[in-house]
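Asker: Encoded as structure tokens, here's the structure I'll be asking about.
The values are calculated or read from the model by the stated rules, or taken from the named source; none is laboratory data. Bear in mind that the values here come from a model prediction, so they are computed numbers and not experimental data. Here the Cβ is made from the backbone with ideal geometry for all residues, glycine too, and neighbour counts use every protein chain on show.
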């Protein structure tokens, strides 16, 4: 679990690169500077950990490109103690970014291999989400709802109704929508029945899978 001054320097460079690409939320950039992304990757990829690229992490999944993580985090407008539902824990890197930003993170992962890895890794890094769960992200976590924000880290063909129902009024749901290519989409809940929709261009994600018991 080495984290050296060289790694810190690479993180600073990455944060500067993300700023040049349009990430303006200083709290997001500060979290990128703090979270050791190389520890969320297979050691064979360590030399590439601070490039702005996605990489495989096992179980057919990827760790998202840092720009994508930062972009989604910025859209959430995270405040300290915000209660955030994350659909797709994956490597745990996005989880860690949100935790370092002061959010109370509830995360769901449907790949048991990744769920087990992340459940071990995050405490070793002294990163403690409120709740990690193995299950179907399409269903969310109704027992812990409502949430200030919901973030989906996989491409979804539709917006799951269960997630919309679990969002507080005034809350934000950030989800990549589409089959092969996804449009980053944000819904802001205006009241019990109305949502305001915003779109932010094309991204590419692994698919959001469902029907996990």
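Asker: Would you please list the contacts, defined by Cβ atoms under 9 Å and residues six or more apart or on different chains, that run from a residue in segment 196-213 that is closer than 20 Å to residue 162 by Cβ to a residue that is at pLDDT below 70?
Answerer: So the pair list comes out empty.
Asker: Looking at segment 1-30, which of its residues are surrounded by fewer than 18 Cβ atoms within 10 Å (Cβ to Cβ) and in a loop (DSSP other than H, G, I, E, B)?
Answerer: 1, 2, 3, 4, 21, 22, 24
Asker: Got at least one residue in segment 34-43 being farther than 21 Å from residue 120 by Cα, surrounded by fewer than 22 Cβ atoms within 10 Å (Cβ to Cβ) and either modelled with pLDDT of 95 or more or touching a strand residue (DSSP E or B) at 6+ places or on another chain (Cβ under 7 Å) (or both)?
Answerer: Residues of segment 34-43 farther than 21 Å from residue 120 by Cα: none.
No.
Asker: Grab the strands (runs of 3 or more DSSP E) fully contained in segment 137-213, keeping just those with 2 or more residues being surrounded by fewer than 14 Cβ atoms within 10 Å (Cβ to Cβ) and at pLDDT 95 or above. Walk me through how you get there before you give the answer.
Answerer: Working: elements: 147-152, 167-177, 182-189, 195-203.
By residue number, 167-177, 195-203.
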